[in-house]
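Values quoted throughout were computed directly from the atomic coordinates according to the rules given, and no laboratory measurement underlies them. Here the structure is a predicted model, which means the values were calculated and not measured. Every residue, glycine as well, gets a Cβ built from its backbone with ideal geometry; the counts of neighbours run over all protein chains shown.
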């Protein structure tokens, strides 16, 4: 009986923690971010030089990486960021705090990493 209680309690805590983490990611990503470095296939590149992302609470993002600087819908699910309008933009959030956002994932067939700082 105690084992069953512990298993159920652990599962409930895990689900609750994931939901809170997801809400924390959605809140923490809001604002303007400037790309200060990027990597393609493990090597530094200038692909994202002068890149920026502006995330709003209504789940829209504006970026100079989106054609014609249009706003696109975005979603944060667990530790993943997806942006509509950028081919295959489905990145893992590997660091997100007050002033730092790091993303990594595959875009097309390239392994990409983006390193961003919150705009002041």
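Here each label is just a point 7 Å from Cα along the line to Cβ, and for residue 27 and residue 49 those points are 3.9 nm apart. Over the range 21-104, what portion of Cα pair distances is larger than 15 Å, expressed as a whole percent? In whole percent, the long-distance tail amounts to 57.
Quick check: from the Cα gyration tensor, does the range 57-120 come out rounded (a/c under 1.5), prolate or oblate?
Working: a/c = 1.41, a/b = 1.06, b/c = 1.33.
Note, shape of the range 57-120 comes out rounded.
At an R0 of 25 angstrom, the distance between the Cβ atoms of residue 71 and residue 34 translates into a FRET efficiency of 0.90.
Considering the range 38-83 at the alpha-carbon level, its Rg and Dmax are found to be 12.2, 35 Å.
Neighbour counts of C-beta atoms inside 10 Å place 74, 110 in the sequence 110, 74, starting with the fewest.
Projected label points at residue 118 and residue 94, each 7 Å from Cα along the beta carbon direction, are separated by 2.2 nanometres.
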